[in-house]
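Taking it in order: structure first as structure tokens, then the write-up.
The values are calculated or read from the model by the stated rules, or taken from the named source; none is laboratory data. All of these numbers come straight from a predicted model, not from anything done at the bench. Cβ placement follows ideal geometry from the backbone for every residue including glycine, while neighbour counts extend to all protein chains displayed.
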Amino acid sequence: MNQILSTEMNKNKTKTGTIEIKKILIFFAIVIIIFGLALVINNAIKTYTLAKNNVQVEQTAPDVQIEQKEDELVLSINHDKPITKVIYNWNNGQDIEIHGNNRTSINQTLTLPDGTNTLNVKIIDEIESVATIQKEFTKIEEDINLSFTLVDNKLKIIATDPNEISYITYKWNNQEEVKVDIEENLEDKTKLEVEIDIPEGLNTLTVMATSSTGKRKTKKQDIEGVASPKISLQQDGEYLIINVKDENIVTLINYTITYTQKGYDQPYRINLTAHEPEYYNAIEGLSVKTNEQNQIIEVEYRQLMAEKGENIISLTAENKRDAQSKYEGKCTNQ
């Protein structure tokens, strides 16, 4: 009986062991199958990715239009792919970048430098294809305006430029050149004015104006300098003696005396116009001297200062050649 029980127990143990081994084998088989599937799927993904990367994308060039409008350029770019950035420079100088932001259309206004310059443009799209454009543009610079104007007995030089005037130089005949720089704190630097004395006689003036961009304009002109009348004043007690002489022996045309006396709201003016020497003979306190041609070369006027106190004198003398002299001063009637 005991032998029968022992045999049955051994059989059961053998069956149980066999079942456990089968389970283990099945588990490992499943693991191997799953691992194999993972390898297959991974290889398949790699193969797909590789195949995708090997596909040749058509690299079409962007459509680029550049239109010149006076001193500006309008850069228009149209592309069938998103643009990441546009880089441009003038004459291979410093690069300037325009962010594309994946746009397919870009319009940008560029400032056109003076003179003839080469524009270099580089366009980069999302697949990193690069298109380059190179084109030359010319901006005709507006000329410097240089003019001369007579102001009293001086010559005013006026130089203007749309950009900025840097300086002017001038010289009479073969004399040493004089340079005048524009003031740094000047608000309007597009204009420079200079007043210069005019030598007597016929002289050649040469002026050159230079702009901030290096542009230059030269003007040469013969200018005749005319001596202006000489004015002198002296006081003789209650009288003011005014003397006007003309060294060029040109008939004196007129002079004006203005007295602003204390207690008077309006100035007191005296106007004298010369014609012939006889004209002055009727004017009290006035005498003239003439040359051989009976031209007036000196006028003396003696004016009684009726009011006591300080008087402000403003005097202008002019001759037939339009040369003027001015005098301003004070005199006191004791």
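Table for the structure above
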| item | result |
| --- | --- |
| Among the residues listed as Glu183, Glu176, the single one being modelled with pLDDT of 90 or more and outside any strand (DSSP E or B) | Glu176 |
| Output for region 203-250, where each listed residue is closer than 30 Å to Leu192 by Cβ and assigned to a loop (DSSP other than H, G, I, E, B) | Ser212, Thr213, Gly214, Lys215, Val226, Ala227, Ser228 |
| Total residues in region 273-290, condition modelled with pLDDT of 75 or more and either surrounded by fewer than 13 Cβ atoms within 10 Å (Cβ to Cβ) or more than 27 Å from Gly201 (Cα to Cα) (or both) | 2 |
| Counted residues, region 129-162 - those being touching a residue at least 40 places away in the same chain (Cβ under 8 Å) and either more than 30 Å from Lys326 (Cβ to Cβ) or not in a strand (DSSP E or B) (or both) | 12 |
| Checking Gly93 against (1) farther than 30 Å from Thr206 by Cα; (2) part of a strand (DSSP E or B); (3) under 24 Å from the mean Cα position of the chain (by Cα), the condition it does not meet | (2) |
| Conditions (1) at pLDDT below 90; (2) exposed (fewer than 10 other Cβ atoms within 10 Å of the Cβ): number failed by Gln94 | (1) |
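A quick yes/no check of all residues on (1) among the polar types (S, T, N, Q); (2) under 19 Å from Asp114 (Cβ atoms):
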site: Glu195; (1), (2): no, no
site: Pro199; (1), (2): no, no
site: Thr204; (1), (2): yes, no
site: Val207; (1), (2): no, no
site: Ser211; (1), (2): yes, yes
site: Gly214; (1), (2): no, yes
